[in-house]
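Only one structure is covered here, and it is reproduced in the block below.
The values are calculated or read from the model by the stated rules, or taken from the named source; none is laboratory data. Note that the structure is a prediction, hence the values are computed from the model and not measured. Note that we place each Cβ from the backbone using ideal geometry, even for glycine, and neighbour counts take in every protein chain shown. The accessibility values were calculated without ligands, DNA or RNA, using every heavy atom of the protein model including side chains. Shrake-Rupley method; radii C 1.70, N 1.55, O 1.52, S 1.80 Å.
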Amino acid sequence: MHPTLTLAAMLLLAAAPPAMAQLVPPAKAIAGATQEEWSKRWWRWALSFEDEDSPVADTDGRLCASGQSGPVWFLAGSYDTRRTVRSCRIQSGKTLFFPLVNSLAFPPDDEREACASLMLRAESMTEAPAGLVLELNGRRFDGLEAHRQATRGCFLVAPDDDAPAAGNGYYVALGPLKRGRYTLNFGGILPGLSQAVTYTLDVR
């Protein structure tokens with residue numbers, strides 16, 4: 001091979017964007033657990049913080065590493081309907097797991113509600129999304145309605161909480177991530193809920 005061509009190829013390779021992370025099929029387990037189970041773990045993570053320390057309320061990404069451990073890295077949605085823009089540094093080799101849009105059904109305060117009723121309520125809140133968006137480095141992903149995860153039965157959100165909850169929503173898993181910089185846009189629109197989030201991910 002001509003040495004000039006070899007050098008040009010090396011320069012092109014060095015300037016190339018990171019390899020595209022793979023969208024994990026919704027029925028495929030991650031690190032030995034189903035994605036339905038990861039959706040419950042996501043809720044436990046998201047609700048384990050005080051309001052001022054919550055990655056969900058975070059406006060710029062400074063809290064993105066809070067409470068993270070193991071091979072799966074959670075990304076937070078937002079409490080606001082306006083676009084939330086964050087920057088986040090992540091270790092390479094992690095698989096991202098996050099909701100495009102989701103909901104959790106709790107019993108009313110100081111009351112009991114059957115688990116079957118909670119599951120139906122969570123299902124009704126996440127029916128018929130008007131739009132689901134997942135875009136990574138300019139590439140749009142389709143077929144996102146298939147990534148709906150409903151908790152099988154009810155679960156406890158916190159160890160010291162005896163009130164069950166049921167979750168439902170559209171979750172995706174991307175990865176494992178290789179080194180590089182990624183621009184991630186995601187969100188969804190439901191009749192009573194919407195979110196739009198942008199992350200700049202620095203994977204090292």
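In this structure, residue 117 qualifies as open to solvent by 40 Å² or more (accessible area, probe 1.4 Å) and over 27 Å from residue 23 (Cα atoms).
The number of residues in the range 83-113 being in a loop (DSSP other than H, G, I, E, B), of a type in the set (Lys, Arg) and modelled with pLDDT of 90 or more comes to 2.
Taken over the range 22-56, the criterion of being open to solvent by less than 60 Å² (accessible area, probe 1.4 Å) and basic (Lys, Arg) is satisfied by 40 alone. What are the pairs with Cβ atoms under 7 angstrom where one residue, in the range 120-137, is outside any loop (DSSP other than H, G, I, E, B) and the other, located anywhere, is at pLDDT 95 or above and open to solvent by 70 Å² or more (accessible area, probe 1.4 Å)? Sequence gap at least six, or different chains. Close Cβ pairs (under 7 Å, with a partner that is at pLDDT 95 or above and open to solvent by 70 Å² or more (accessible area, probe 1.4 Å)) amount to 131/189; 132/145. Taking the range 64-84 as the range and being open to solvent by less than 40 Å² (accessible area, probe 1.4 Å) and more than 20 Å from residue 172 (Cβ to Cβ) as the test, only 66 passes. I'd like the full set of residues that are aliphatic (A, V, I, L, M) and either touching a helix residue (DSSP H, G or I) at 6+ places or on another chain (Cβ under 8 Å) or surrounded by fewer than 17 Cβ atoms within 10 Å (Cβ to Cβ) (or both), limited to the range 164-188. Answer for the range 164-188, where residues must be aliphatic (A, V, I, L, M) and either touching a helix residue (DSSP H, G or I) at 6+ places or on another chain (Cβ under 8 Å) or surrounded by fewer than 17 Cβ atoms within 10 Å (Cβ to Cβ) (or both): 165, 166, 172, 173. Where strands (runs of 3 or more DSSP E) fall wholly inside the range 150-204, the ranges with 2 or more residues that are of a type outside the set (Gly, Ala, Ser) and either in contact with a Gly (Cβ under 6 Å, 6 or more places away or on another chain) or without any contact (Cβ under 8 Å) to a residue 40 or more places away in the chain (or both) are 193-203.
The set of residues in the range 70-83 being at negative phi and over 15 Å from the mean Cα position of the chain (by Cα) consists of 80, 81, 82, 83.
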